[in-house]
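Step one of this worksheet: look at the structure below.
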Amino acid sequence: MLRINRGREFYKPLISLALPLVLQNMINSSLSLIDTFMVGGLGEVELAAVTLGNNVFFLLMLITFGIQSGTSILISQYWGRKDTNTINRVMGLGLMTSGLISAVFVTFVLAAPRVVMSLMTPDTALIDTGVQYITVVAPAFILNSLSMVYLSVQRSMENARIGLTVLLISTAANTFMNYLLIYGKLGFPHMGVRGAATATVLARILELVIIIAYASLKADFKLRPKYILKPGRIIFRDFIKYSVPVIVNEALWGFGFMLYPIIVGNMRAAAAAVAAYSIAMSVDRILSAGFFGSGSAAAVLIGKRLGEGQTGDDAYYYAKDMLKVVGMVATFMAVLMAALATFVFRPFIFPLFRNISEGTITTAWLLILIGSANMISRALNYTIICGVLRGGGDVRAAAAIDVGMLYLIGLPLAFIFGLLLNMGVYMVFGAIFIEEIIKCAACIWRFRSRKWIKNVTREMA
């Protein structure tokens with residue numbers, strides 16, 4: 001039964017937190033589509049090269065997300081106790097970890113860019129163009145990792161508006177600078193893919209400047225350097241226990257999911273296949289924002305309730321009602337995604353991609369339809385794994401389900417369908433579809449077991 005018998009106390013915090021996160025994800029994904037559209041005007045090779053170049057950093061982005069999610073487990077529960085000193089300690093560990101990992105990753109990319117790109121594809125044209133892109137854009141990901149950790153701290157304290165504001169400003173700036181630098185408008189040099197990379201770096205600098213200014217002026221959550229720089233052994237042990245499994249989870253999942261476009265990049269007519277994959281994923285991310293926002297809100301609100309000392313039954317039924325909401329949102333988004341792809345994007349938007357063939361556009365449209373058919377299972381999986389299980393501190397079970405299904409089901413099927421049987425890019429998406437369905441059954445089983453309900457805070461931190 002889909003009716004949710006909850007009052008204002010349920011919907012108000014959910015909407016006030018989830019709505020900015022939904023908009024934030026939509027804007028972030030829209031930037032990806034804008035980048036795809038603008039770079040696509042240069043040609044299929046440039047579009048495919050930038051897609052694979054960004055795929056290089058996808059693993060780092062997932063690790064950063066893992067650090068955000070791991071710190072959120074502790075911060076949301078300590079937020080329920082209103083313990084801001086401990087929140088400063090956890091944030092300090094998050095910033096140190098994120099900064100160090102991203103610096104090492106970017107250094108490796110800059111030291112051997114051709115080696116890195118050759119891992120993505122054997123196509124020399126894609127490698128040459130991709131190297132031009134990743135050597136310029138790399139520093140942006142160090143800046144982004146620091147910004148995202150701070151914004152995730154604010155989100156875990158039920159303040160998602162600052163993240164939305166920062167992203168709105170940086171997206172507008174990034175889009176305008178793309179226009180100036182990719183095509184050389186208003187007297188700026190024509191830089192092609194290097195222009196797209198430069199615009200991204202400048203936008204990330206702007207983000208960090210805004211965040212530093214906000215953090216310095218924010219009165220109700222003061223930064224306390226003595227806790228940020230010296231978190232203490234107790235919180236460090238808790239960080240290792242609850243955050244590191246999430247970081248490892250996201251690293252392994254990110255590496256595995258990164259293999260999907262690599263498989264596509266090694267198929268016949270790689271440039272066209274990767275271009276279609278890029279267009280489809282850009283549209284998919286925009287319309288998946290609904291359940292991404294709801295899932296992230298679930299982690300914060302469930303963690304907060306456990307930190308406040310709510311009972312296991314209360315947390316279980318609260319989470320169950322959230323899953324109903326996410327299921328309804330995902331159903332609506334799936335129908336909307338299929339309708340927009342068929343009646344808006346294919347006839348009106350996709351033809352604007354200059355130098356992209358009709359065959360590539362048709363392939364992208366069909367991939368979007370496959371993604372829409374898988375929307376509900378993906379929404380439930382994301383909310384249960386990243387929201388419910390992690391919010392409850394059940395990080396090891398979440399990692400086992402998330403990573404296990406990818407490596408045991410999704411990737412082997414994609415390899416067989418795409419490379420051994422040469423069944424085309426459609427069946428690579430088909431492998432993802434099958435994986436998500438089986439993962440959904442495992443997620444629901446773990447949720448119903450109630451073993452995920454844990455209070456991870458300490459009386460004296």
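Which residues, counting only those in the stretch 314-344, are surrounded by fewer than 16 Cβ atoms within 10 Å (Cβ to Cβ), among the hydroxyl-bearing types (S, T, Y) and more than 25 Å from I370 (Cβ to Cβ)?
Within the stretch 314-344, Y317 is the sole residue that qualifies.
Just a yes or no: is a residue in the stretch 120-132 over 30 Å from M267 (Cβ atoms) and assigned to a helix (DSSP H, G or I)?
Of the stretch 120-132, the ones over 30 Å from M267 (Cβ atoms) are none.
Taking every residue of the stretch 120-132 in turn, none turns out to be over 30 Å from M267 (Cβ atoms) and assigned to a helix (DSSP H, G or I).
Table: residues versus (1) outside any loop (DSSP other than H, G, I, E, B); (2) in contact with a Phe, Trp or Tyr (Cβ under 9 Å, 6 or more places away or on another chain).
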| position | (1), (2) |
| --- | --- |
| T342 | yes, yes |
| T363 | yes, yes |
| L366 | yes, yes |
| F429 | yes, yes |
| I438 | yes, no |
| K454 | no, no |
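With respect to L168, is the statement that it is open to solvent by 20 Å² or more (accessible area, probe 1.4 Å) and at pLDDT below 90 true? Before you say what the answer is, go through the steps one by one.
Numbers: open to solvent by 20 Å² or more (accessible area, probe 1.4 Å): yes; at pLDDT below 90: yes.
So L168 passes the test.
Do any helices (runs of 4 or more DSSP H) lying entirely in the stretch 161-239 carry at least 3 residues that are in contact (Cβ under 8 Å) with a residue 24 or more places away in the chain and hydroxyl-bearing (S, T, Y), and which ones are they? Step through it out loud before you land on a result.
Values: elements: 161-183, 193-217, 225-228.
Correct list: 161-183, 193-217.
What pairs come up if the first residue lies in the stretch 440-455 and is farther than 25 Å from N374 by Cα, the second is open to solvent by less than 60 Å² (accessible area, probe 1.4 Å) and assigned to a loop (DSSP other than H, G, I, E, B), and their beta carbons are under 7 Å apart, counting only those six or more places apart or on different chains?
Close Cβ pairs (under 7 Å, with a partner that is open to solvent by less than 60 Å² (accessible area, probe 1.4 Å) and assigned to a loop (DSSP other than H, G, I, E, B)) amount to K451/D394; W452/G392; W452/D394; I453/G392; K454/G392; K454/G393; K454/D394.
Working carefully through the options T97, T121, T84, T135, find the one that is touching a Leu at 6+ places or on another chain (Cβ under 7 Å), of a type in the set (S, T, N, Q) and open to solvent by 10 Å² or more (accessible area, probe 1.4 Å). Steps first, please.
Values: T97 fails: touching a Leu at 6+ places or on another chain (Cβ under 7 Å); T121 fails: open to solvent by 10 Å² or more (accessible area, probe 1.4 Å); T84 fails: touching a Leu at 6+ places or on another chain (Cβ under 7 Å).
Unique residue meeting the criteria: T135.
Restricting attention to the stretch 288-301, which residues are open to solvent by less than 10 Å² (accessible area, probe 1.4 Å), out of contact with any Lys or Arg (no Cβ under 8 Å at 6 or more places or on another chain) and of a type outside the set (G, A, S)?
Listed by number, the list holds a single entry, L301.
Identify, from the list G359, G387, G393, G418, the residue that is outside any helix (DSSP H, G or I) and at pLDDT below 85. Spell out how you get there, then give the answer.
On the way: G359 fails: outside any helix (DSSP H, G or I); G387 fails: outside any helix (DSSP H, G or I); G418 fails: outside any helix (DSSP H, G or I).
The unique qualifying residue is G393.
May I ask you to say which residue of L60, L74 is closer than 22 Å to W253 by Cβ and surrounded by fewer than 24 Cβ atoms within 10 Å (Cβ to Cβ)? Show your work before the answer.
Working: L74 fails: surrounded by fewer than 24 Cβ atoms within 10 Å (Cβ to Cβ).
Being closer than 22 Å to W253 by Cβ and surrounded by fewer than 24 Cβ atoms within 10 Å (Cβ to Cβ) holds for just one of L60, L74, which is L60.
Which of the residues that make up the stretch 213-247 are modelled with pLDDT under 85 and of a type in the set (K, R)?
Once the filter is applied, which keeps residues that are modelled with pLDDT under 85 and of a type in the set (K, R), the stretch 213-247 yields K218, K222, R224.
The values are calculated or read from the model by the stated rules, or taken from the named source; none is laboratory data. Here the structure is a predicted model, which means the values were calculated and not measured. Cβ sites come from the backbone with ideal geometry, for glycine too, and all protein chains shown count toward neighbours. For accessibility, only protein heavy atoms count, side chains too; no ligands or nucleic acids. Shrake-Rupley method; radii C 1.70, N 1.55, O 1.52, S 1.80 Å.
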